[in-house]
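See structure below.
The values are calculated or read from the model by the stated rules, or taken from the named source; none is laboratory data. As the structure is a computational prediction, the values presented were derived from the model and not from experiment. Glycine also receives a Cβ, built like all others from the backbone with ideal geometry; neighbour counts cover every protein chain displayed. Only protein heavy atoms, including side chains, enter the accessible area calculation; ligands, DNA and RNA are left aside. Shrake-Rupley method; radii C 1.70, N 1.55, O 1.52, S 1.80 Å.
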Amino acid sequence: MNFEKLITKHVQKLVPYLSARRIGGHGHNFLNANESPKSEGYFLNSSTLNRYPDCQPEDLIERYADYAGVHKSMVLAARGSDEVIGLIIRTFCEAGSEGILIAPPTYGMYEVAANTNNVLVATAKREADFSLKAQSLIDAVNSSSFKIKAVFIDSPANPLGNIFEKAELEKLLKALPDTLIVMDEAYVEFASEADDYTSMVKDHENLIITRTLSKAFALAGLRCGFAIANENIIKAMLKVIDPYPISDPVAQIAVQALSDHGIEMTRERVVKCNERRAKLKEALESLPFVVKTFDSVGNFILVEFKDGPKVFDAMVQKGVILRSFETKPGLKNCVRITIGSDAELEELMRYLKGVEI
């Protein structure tokens, strides 16, 4: 049997998103996936596992709505913010004729999700310092050869670590009232409160915020993310989502993480992570082969080395796995480093000091 003939033409051309786990790598110190260096203990009640879960578990939705400061009708839960990205594209973009706008370098799943759903992708240019301006996005939407239904912006940006300024977002929302503006806030807990734009959803019908428990909440293995948007947008996405996206164990653990105690632990975790980030940045800048460390408000730092591939390979040989962005626009010789534990970062620096470039 020729299996290629069974696969749809657009899937035959697909290149899957190379997540940290999919890339792999043999090591013991994984600083490549922006994960928390440790997890917490949670209680699991197995007495309900014989029943199908609710599509949108009420306790979970209410807890996250309270945490985000919005009404529960404005919240959707999914298997990580990656699923939310796909849901937005599937719900609002006509395959083959409409598309999305991104501003590389940015999170790779936006383009992958579009390609998977046979949706077109346009790009906008960032400034020389990698900041992003509303006018660049507006011009790209208006000059596109196809209709752009959604603009995807990560803030804090991955792998850059910078913020899309609130004034720029307000300008964008005003200029493009009939285009969905998707703000990916996966790392927002590591930034300041002023950089969280969730409250703006109430006043802007075309704004969608995506969030996750994977980063600051240290629950990457749980796969639980959220969309925060106008009630009509949430209703539309619920038409497309699978029947049981949130398993019962996921809902149980997520509700515990969103308790007062869980939120307090997250805030403490963020403070300690940010302290380690500042310490690592200073240590990296003392190395003679570091060209630049990017300012970051995420749980990672992007670093430009004189020879990024050599540094990356040298760390692999020591069992320290980083993430190379060598092939991304404007990021030659750049490597992203997750803010791990004190011990993990001390080991990283010890090995880096032994690299000769």
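Quick grid of which residues meet (1) more than 22 Å from Asp342 (Cα to Cα); (2) touching a residue at least 12 places away in the same chain (Cβ under 8 Å); (3) touching a Lys or Arg at 6+ places or on another chain (Cβ under 7 Å):
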position: Ala218; (1), (2), (3): no, yes, yes
position: Ala236; (1), (2), (3): yes, yes, no
position: Met265; (1), (2), (3): no, yes, no
position: Val270; (1), (2), (3): no, yes, no
position: Arg277; (1), (2), (3): no, yes, no
position: Ser286; (1), (2), (3): no, no, no
position: Asp295; (1), (2), (3): no, yes, no
Please work out which one of (1) in contact (Cβ under 8 Å) with a residue 12 or more places away in the chain; (2) more than 21 Å from Ala175 (Cα to Cα); (3) assigned to a loop (DSSP other than H, G, I, E, B) is the condition Tyr110 fails and give its number. (3)
Can you work out which of the residues in segment 30-73 that are over 16 Å from Leu258 (Cβ atoms) and assigned to a helix (DSSP H, G or I) is least open to solvent (accessible area, probe 1.4 Å)? Ser73
Of the conditions (1) in contact with a helix residue (DSSP H, G or I) (Cβ under 7 Å, 6 or more places away or on another chain); (2) at pLDDT below 95; (3) not hydroxyl-bearing (Ser, Thr, Tyr), Glu326 fails just one. Which one is it? (2)
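Taking the conditions exactly as written (under 30 Å from Arg51 (Cβ atoms), over 19 Å from the mean Cα position of the chain (by Cα) and not aromatic (Phe, Trp, Tyr)), does Lys202 satisfy them or not?
Numbers: under 30 Å from Arg51 (Cβ atoms): no; over 19 Å from the mean Cα position of the chain (by Cα): yes; not aromatic (Phe, Trp, Tyr): yes.
Considered against the rule, which asks whether it is under 30 Å from Arg51 (Cβ atoms), over 19 Å from the mean Cα position of the chain (by Cα) and not aromatic (Phe, Trp, Tyr), Lys202 comes out as no.
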Taking segment 165-208 only, how many residues are open to solvent by 10 Å² or more (accessible area, probe 1.4 Å), part of a helix (DSSP H, G or I) and more than 19 Å from Gly298 (Cα to Cα)? 10
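Among Arg267, Arg276, which is basic (Lys, Arg) and within 19 Å of Thr212 (Cα to Cα)?
Working: Arg276 fails: within 19 Å of Thr212 (Cα to Cα).
The conditions single out Arg267.
Tell me, please, whether a residue that is under 23 Å from the mean Cα position of the chain (by Cα), aromatic (Phe, Trp, Tyr) and either at pLDDT 95 or above or on the phi < 0 side of the Ramachandran plot (or both) can be found in segment 120-131.
Of the residues in segment 120-131, the ones under 23 Å from the mean Cα position of the chain (by Cα) are 120-131.
From what's left, aromatic (Phe, Trp, Tyr): 130.
Now drop any that are not either at pLDDT 95 or above or on the phi < 0 side of the Ramachandran plot (or both), which leaves 130.
Yes: segment 120-131 contains one or more residues that are under 23 Å from the mean Cα position of the chain (by Cα), aromatic (Phe, Trp, Tyr) and either at pLDDT 95 or above or on the phi < 0 side of the Ramachandran plot (or both).
Of all the residues that make up segment 80-122, how many are among the acidic types (Asp, Glu) and open to solvent by 40 Å² or more (accessible area, probe 1.4 Å)?
Here is the first cut: in segment 80-122, the residues among the acidic types (Asp, Glu) are 82-83, 94, 98, 111.
Narrowing the set further to residues that are open to solvent by 40 Å² or more (accessible area, probe 1.4 Å) leaves 82, 94, 111.
So the count comes out to 3.
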Leu160: passes all of (1) open to solvent by less than 10 Å² (accessible area, probe 1.4 Å); (2) more than 25 Å from Val270 (Cα to Cα); (3) part of a loop (DSSP other than H, G, I, E, B) but (2)
Counting only residues that are out of contact with any strand residue (DSSP E or B) (no Cβ under 6 Å at 6 or more places or on another chain) and hydrophobic (A, V, I, L, M, F, W, C), segment 174-199 contains a total of 6
Restricting attention to segment 93-101, does a residue exist that is closer than 21 Å to Ala229 by Cβ, touching a Gly at 6+ places or on another chain (Cβ under 9 Å) and either modelled with pLDDT of 95 or more or not in a loop (DSSP other than H, G, I, E, B) (or both)? yes
